[in-house]
Amino acid sequence: MIIVKLFATLIDRCLFTISFIFGVQLPEFIVQYTQRLSGHINEARFQLQQFQLIADNHFQGDLVMMVKRYQGNTEASIVETGNLIIALQERIILLEQHLANMTQAELTKRLYAFVTEYDFAMAQATIQQFQLAIPLNYAALTTGIIIALILLAIDKTIIALMKRLYKKSNHNKWVH
């Protein structure tokens, strides 16, 4: 029985440690994701600026007029270019709003923004390039502890339920 308790304690400590390390990585992942997001915004702005230069040269700087002219063209590729410009403008607005939400001061708001608004492809690319780090700041340590405690509580709840079911099934065997 002592060996079982020792083994259970060891598993609990390992679970806590692993979940703490994972929890500490989450804020770092969000930092790297936010940096990638910022880079995407900069690239999208650069691309839009190239279209703005065309509008400056041929449409008195009126990008909206240029897009309307493109969309009214009979050539399908020109129409698609106009649609591309609109989609690029919309993407910049969306990404800028997401970045504003991701850079809020409060950690819980950043986590909520990440979970509810994340861009799947960008998150996947961040995971592929993710650099492990152990940030020693309040947000990372707090997140690590909270995640570790939640997982430990879930583990203890599952074990308690399993023990209760086991005792109930053994009790029912003797009653019948």
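Quick note: the coordinates plus some simple rules give every number you see, no bench work behind them. Keep in mind that this is a model prediction, so the values were computed, not measured. Neighbour counts run over all protein chains shown; Cβ positions are idealised from the backbone, glycine included.
So here's what we get for this one:
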{"quantity": "Cβ-derived FRET efficiency at R0 45 Å, ILE86 paired with ILE145, nearest 0.05", "calculated": "0.45"}
{"quantity": "Estimated translational D of the stretch 21-168 in µm²/s (Stokes, Kirkwood radius over Cα pairs; 20 °C; 1.002 mPa s)", "calculated": "114"}
{"quantity": "Percentage relative contact order, the stretch 21-168, counting C-alpha pairs under 8 Å, at least six apart", "calculated": "39"}
{"quantity": "Of every Cα-Cα pair in the stretch 1-48, the percent that sits beyond 18 Å", "calculated": "59"}
{"quantity": "Estimated FRET transfer efficiency when R0 is 25 angstrom, pair ALA121-GLN97 (beta carbons, to 0.05)", "calculated": "0.90"}
{"quantity": "Unit charges on C-beta of K, R, D, E only; dipole of the stretch 21-168, Debye", "calculated": "1120"}
{"quantity": "Positive-end residue of PRO135, THR116, LEU151, charge dipole of the stretch 59-163 with Cβ unit charges", "calculated": "LEU151"}
